[in-house]
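Accompanying notes for the structure given below.
What follows draws every value from the coordinates through simple rules; no lab data is involved. Remember, it's a predicted structure, so these values are computed and weren't measured experimentally. Methodologically, a virtual Cβ is constructed for each residue, glycine included, from the backbone with ideal geometry; neighbour enumeration extends over all protein chains shown.
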Amino acid sequence: MLEVAQLPLSLIYPRDDGRPVVKEKVAVLTESLSALGLRTPITVRRCERIRNGQTADAYEIVTGRHRYEAALALKWDEIDAIIMDGEADDIELWEIDENFARAELSEAQKADHHSRRRRILLAKGIVSDKRGPKMSSPGKVYAEEAAEALGVSRQSVDKHVWRGNKIEPDILAEISGSDLDNGRVLDELASTPADAQREKLAEIRERRSQVKLAPDPLNDPEAHEKQLAALMSAWNRAAGPVRDEFLLRIDRPIFDSTGAGRAA
């Protein structure tokens, strides 16, 4: 059941296990909310928190953490919110589907979200684990349902489900959003037995630390123009989501010739 209300920001709390906040996204939303107001309410569920030493009614964010952070930055007193009542699985499914619809998820996040979404839909009997000649309703395996519901290819769904099911949850969470959050690393971890994945992750990090760095770029005008042209060419060839991810990562620590600021 859903209820829409204006809630005091002081009674709303982020989830402890929520996705990390992207500062750049909050900045963009802050500007948008300041000019246009909140167009889409956040979603919360009822909970309890300790306030002034006593248990009190409160609300936990299901979706809309960045909108919440933008409202805090603008010093709003209240925010429009959809209050969800229901089973934990229903609330988790709502969160996952909104993230798929609104957020540009990383490879590790897609693996995690698909794995969780599949588990919930299997438990509800909405999809089946396997398709067989004698299988009755439901008639779809998860990859078919997800491809139609999310507008992606079945092959993409299968890939993310495989990664999410094979990689240990703590390792998947550890690399999410880091410089190791890419398909090549995830595939290598997913192909490694669960009890050896921690060792494999350490091996991957060691390999990356030993990569030889390129020499310092030339500073003459001709080299400058060549480097600029190469960067512009790569940017023009990149897909929209890749450009967005690049802009988010540009301020993260990078490799330099001294090793200072090296990403973990």
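Explain nothing, just the number: dipole magnitude of the stretch 90-209 about its Cα centre with +1 on each Lys and Arg Cβ and -1 on each Asp and Glu Cβ, in debye rounded to the nearest 20.
560 debye
For the residues Asp17, Asp187, Asp170, what sequence is obtained by ranking on other C-beta atoms within 10 Å, fewest first?
Asp17, Asp170, Asp187
What's the exposure ranking of Thr40, Thr55, going from fewest to most Cβ atoms within 10 Å?
Working: Thr40 12, Thr55 9.
Lowest to highest Cβ neighbour count: Thr55, Thr40.
Which far-off residues, 5 or more places away or on another chain, put their amide H under 5 Å from the one on Val141, with H placed in the peptide plane?
When sequence neighbours closer than 5 places are left aside, the close amide H contacts are Ser128.
Just the Kirkwood number for the stretch 2-85, please: inverse of mean 1/r across all distinct Cα pairs, in Å, one decimal.
It works out to 13.1 Å.
Using 1/(1 + (r/R0)^6) with R0 = 41 angstrom and r between the beta carbons of Gln210 and Val21, what's the FRET efficiency to the nearest 0.05?
0.80
Explain nothing, just compute: Karplus ³J(HN,Hα) = 6.51 cos²θ - 1.76 cosθ + 1.60, θ = phi - 60°, for every residue of the stretch 4-15 in order, whole Hz, x for Gly and Pro.
9, 8, 8, 10, x, 4, 5, 9, 9, 10, x, 6
Obtain the nm distance between the two label points defined at Ser153 and Glu3 by a simple spin-label model: each point lies 7 Å from its Cα along the Cα-to-C-beta direction.
Between Ser153 and Glu3, the label points sit 4.6 nm apart.
Dipole magnitude of the stretch 2-85 about its Cα centre, charges +1 at Lys/Arg Cβ and -1 at Asp/Glu Cβ only, in debye to the nearest 20? List each step's numbers first, then the result.
Details: 12 positive and 13 negative charges, 46 e Å.
The calculation lands at about 220 debye.
I need the calculated FRET efficiency for the pair Thr40 and Ala194, taking r as the beta carbon distance and R₀ as 45 Å, to the nearest 0.05.
Details: r = 39 Å, r/R0 = 0.87.
Here the calculated transfer efficiency is 0.70.
For a footprinting-style exposure proxy, rank His114, His224, His66 by other Cβ within 10 Å, fewest first. Can you show the working numbers first?
On the way: His114 28, His224 12, His66 22.
If I rank by nearby Cβ atoms, fewest first, I get His224, His66, His114.
Ranking request for peptides 235-243, 175-183: highest mean number of other beta-carbon atoms within 10 Å first, then the rest in descending order.
175-183, 235-243
Given H placed 1.01 Å from N in the peptide plane, which residues other than close sequence neighbours of Tyr13 have an amide H under 5 Å from its amide H?
Residues meeting the criterion, in which the H sits 1.01 Å from N, are Tyr59, Glu60, Ile61.
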